[in-house]
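The values are calculated or read from the model by the stated rules, or taken from the named source; none is laboratory data. Remember, it's a predicted structure, so these values are computed and weren't measured experimentally. Note that we place each Cβ from the backbone using ideal geometry, even for glycine, and neighbour counts take in every protein chain shown.
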Amino acid sequence: MIKRVQAWLSRKDGQRPVEISPDNIPQHVAVIMDGNGRWAKRRGLPRIVGHQNGMKAVKRATIAADELGVKYLTMYAFSTENWKRPKEEVEFLMRLPEEFLAIELDELIAKNVQVRVMGDTDGLPSYTRRAMEEAVARTDGNTGLILNFALNYGGRKEIEDCMRSLGQEIQTGALSPEDITTDLINDRLLSGGMPDPDLLIRTSGEMRLSNFMLWQLAYSELWFTDVYWPEFGKEHLLEAVAEYQRRTRRYGGLK
């Protein structure tokens with residue numbers, strides 16, 4: 001059965017119907033949330049206003065993904081490289097998880113959403129870490145959409161740490177080189193237990209991975225939009241999923 005959805009596509013042609021098949025919903029959607037600062041700058045506003053409006057987009061995307069039947073939604077919230085930004089902006093960004101969860105956590109719990117976080121959480125300020133730990137603990141028993149925040153996360157560091165850990169196990173004899181397989185590496189990465197993303201969305205017109213889930217995105221479908229993250233809504237997610245469903249995934253083979 002095909003479900004027809006009216007969606008605003010942010011194009012000159014205005015509104016047109018988007019066809020979404022409920023039988024081919026991406027199980028795991030990953031999002032590089034980009035463009036908060038530029039969205040604010042275009043409006044003559046401080047960058048922090050863009051980040052505040054970006055939080056609203058996180059909620060919209062989460063609700064839309066849940067309604068659509070997505071099982072995992074991974075949001076690139078703060079990279080290991082973002083520490084290079086001005087100190088005042090970094091401090092504000094580190095307060096955002098606390099602010100977002102204080103407002104939205106009860107609703108996420110009511111919607112059966114499970115919150116997870118992947119990244120170097122030891123490197124986060126104590127108040128950021130506490131907010132995330134509380135959200136993870138309070139939603140641990142939920143069985144709906146998994147909302148996974150990549151926070152203080154870097155794809156290369158993730159792989160480096162994984163290889164170092166496996167090397168130490170080989171050195172102690174707990175593993176042999178022959179034990180190292182794709183499945184084992186998948187299990188040992190920070191995303192262990194989750195399937196690889198089927199679809200990657202990046203906003204703001206940039207077309208790069210920015211050190212995000214480098215191993216896991218090997219065969220993901222990539223979708224880029226010029227829309228800045230604070231403007232991202234359900235209609236844009238539907239557009240991305242509709243494009244995903246028009247593609248044929250071959251994984252290097254033929255169909």
For residues in segment 119-139 being outside any helix (DSSP H, G or I), without any contact (Cβ under 8 Å) to a residue 60 or more places away in the chain and not β-branched (V, I, T), which is surrounded by the most Cβ atoms within 10 Å (Cβ to Cβ)?
-> L124
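Tell me which residues, restricted to segment 201-212, are assigned to a loop (DSSP other than H, G, I, E, B) and among the aliphatic types (A, V, I, L, M). I'd like the intermediate steps shown before the answer.
So in segment 201-212, the residues assigned to a loop (DSSP other than H, G, I, E, B) come out as 203-212.
Listed by number, the residues that qualify are M207, L209.
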Where E221 falls short, out of the listed (1) surrounded by fewer than 16 Cβ atoms within 10 Å (Cβ to Cβ); (2) more than 19 Å from M118 (Cα to Cα) = (1)
Within segment 1-23, which residues are exposed (fewer than 11 other Cβ atoms within 10 Å of the Cβ) and at pLDDT 85 or above?
-> P22, D23
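If you scan segment 187-200, which residues turn out to be in a loop (DSSP other than H, G, I, E, B) and within 17 Å of T248 (Cβ to Cβ)? Working first, answer last.
Pass one, segment 187-200, residues in a loop (DSSP other than H, G, I, E, B): 189-198.
Scanning segment 187-200 gives a single hit, D198.
Looking only at residues in segment 24-61 that are charged (D, E, K, R) and part of a helix (DSSP H, G or I), which one is surrounded by the fewest Cβ atoms within 10 Å (Cβ to Cβ)? First the steps, then the outcome.
We begin by selecting, within segment 24-61, every residue charged (D, E, K, R); these are 34, 38, 41-43, 47, 56, 59-60.
Of the ones still in play, those that are also part of a helix (DSSP H, G or I) are 38, 41-42, 47, 56, 59-60.
On the way: R38: 17, K41: 14, R42: 11, R47: 19, K56: 16, K59: 14, R60: 17.
My answer is R42.
Give the residue, chosen from G154, G167, that is touching a residue at least 60 places away in the same chain (Cβ under 8 Å) and of a type outside the set (D, E).
Values: G167 fails: touching a residue at least 60 places away in the same chain (Cβ under 8 Å).
Within the list G154, G167, the selection yields G154.
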Which of the residues that make up segment 213-255 are small (G, A, S) and either outside any loop (DSSP other than H, G, I, E, B) or in contact with a Leu (Cβ under 8 Å, 6 or more places away or on another chain) (or both)?
-> S220, A240, A242
So R116, is it buried (at least 19 other Cβ atoms within 10 Å of the Cβ), of a type in the set (K, R) and either part of a helix (DSSP H, G or I) or in contact with a helix residue (DSSP H, G or I) (Cβ under 8 Å, 6 or more places away or on another chain) (or both) | yes
Just a yes or no: is a residue in segment 142-158 farther than 21 Å from E104 by Cβ, part of a loop (DSSP other than H, G, I, E, B), over 15 Å from the mean Cα position of the chain (by Cα) and of a type outside the set (K, R)?
-> no
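I want to confirm something. Restricting to segment 62-85 and keeping residues that are assigned to a helix (DSSP H, G or I) and within 12 Å of the chain's Cα centre (by Cα), which single residue is surrounded by the fewest Cβ atoms within 10 Å (Cβ to Cβ)? Spell out how you get there, then give the answer.
Start the filter on segment 62-85 by keeping residues that are assigned to a helix (DSSP H, G or I), which leaves 62-68, 82-84.
Remaining after also requiring within 12 Å of the chain's Cα centre (by Cα): 62, 65.
Working: T62: 21, A65: 23.
My answer is T62.
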From the residues in segment 163-205 that are within 17 Å of the chain's Cα centre (by Cα) and among the aliphatic types (A, V, I, L, M), which one is nearest to E231 (Cα to Cα)?
-> I201
Answer residue from segment 173-214, given it is among the hydrophobic types (A, V, I, L, M, F, W, C), closer than 20 Å to K71 by Cα and touching a helix residue (DSSP H, G or I) at 6+ places or on another chain (Cβ under 8 Å) and is surrounded by the fewest Cβ atoms within 10 Å (Cβ to Cβ) among those = L189
